[in-house]
1. Taking amide H positions as placed 1.01 Å from N in the peptide plane, with prolines and chain starts having none, which residues 5 or more places from F99, or on another chain, fall under 5 Å of its amide H?
2. Add +1 for every Lys or Arg and -1 for every Asp or Glu among the other residues with Cβ under 10 Å from the Cβ of L40, and state the total.
3. Please report the net charge: other residues with Cβ closer than 13 Å to the Cβ of A124, K and R +1, D and E -1.
4. First check a/c for segment 41-138, with a ≥ b ≥ c the square roots of the eigenvalues of its C-alpha gyration tensor; if it is under 1.5, answer rounded, and if not, answer prolate when a/b is larger than b/c or oblate otherwise.
5. So for the pair K194, R145, with labels modelled 7 Å out along Cα→Cβ, what separation do we get in nm?
6. Kindly rank 109-118, 75-84, 28-37 from highest to lowest mean number of other beta carbons found within 10 Å of each residue.
Amino acid sequence: MSIWPSISAPGRRIGYARVSTKDQKLRMQRDALNSVACDLIFDDHGVSGTNASRSGLDDMLTELREGDTVVVFKLDRLGRSVLHLADLLVLFQREGIHFCSISEGINTTTPGGKLVYHLFSAFAEFQRDIIAENTIAGLEAARKRGTRLGRPPTLDIETVLAAHRAIQQDGLSVAEAARRIRTNRTTLQRHLGKLDQAVS
């Protein structure tokens, strides 16, 4: 008899597991995902949650289609930051993909679970507002102290955050987002790298 609760979910159940170091084991997460009858399981072994590129996660996102349910052992196994997790859940909602977290008992196929998507969507925007306010306040404080700030950034923080939202929530590529804000891919990639470091 499984120690993990059964879940009710339509369509395919797509599991995802991650451990941060090569010394850690995926077995407990895999056992839990198998116990709820996942059809496919993707994993990242020895990959930090702060790593922007995770082959297992990227492969899972490519595999997903409308009606699937993403299943994880715990919430923190999915997102590399709270903002990244929130953006992924917003993306799932827009693509018609359900989400279950075994440990937290989250299941967006249930009426109560659907609220999770709305909460994370609001939280993603809240996080971006805080990042923008803190960045602007920090620059203003530095100016008042007489700190030389060097050349102004080619993109302001609001533009970078808008591009970040389009990539993470709408599924745009970096090149597509760069065209949308009328800059080149390299410039946008540099700014996104700084943003990811700030929120990780």
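Read-outs throughout are calculated quantities, based only on the coordinates presented, and are distinct from any laboratory measurement. Since we're looking at a predicted model, the values are computed, not measured. Note: ideal-geometry Cβ built from the backbone for every residue, glycine included; neighbour counts use all protein chains shown.
1. When sequence neighbours closer than 5 places are left aside, the close amide H contacts are V70, T108, T109.
2. Numbers: positive: R12, R13; negative: D39, D59, E63, D68.
Taking every Cβ under 10 Å from that of L40, the sum is -2.
3. Working: positive: R94, R128, R165; negative: D87, E125, D129, D170.
It works out to a net charge of -1.
4. Details: a/c = 1.93, a/b = 1.25, b/c = 1.54.
Verdict is oblate for segment 41-138.
5. Roughly 1.7 nm, to one decimal.
6. On the way: 109-118: 13.8, 75-84: 19.4, 28-37: 17.4.
My ranking of the peptides, most packed first, is 75-84, 28-37, 109-118.
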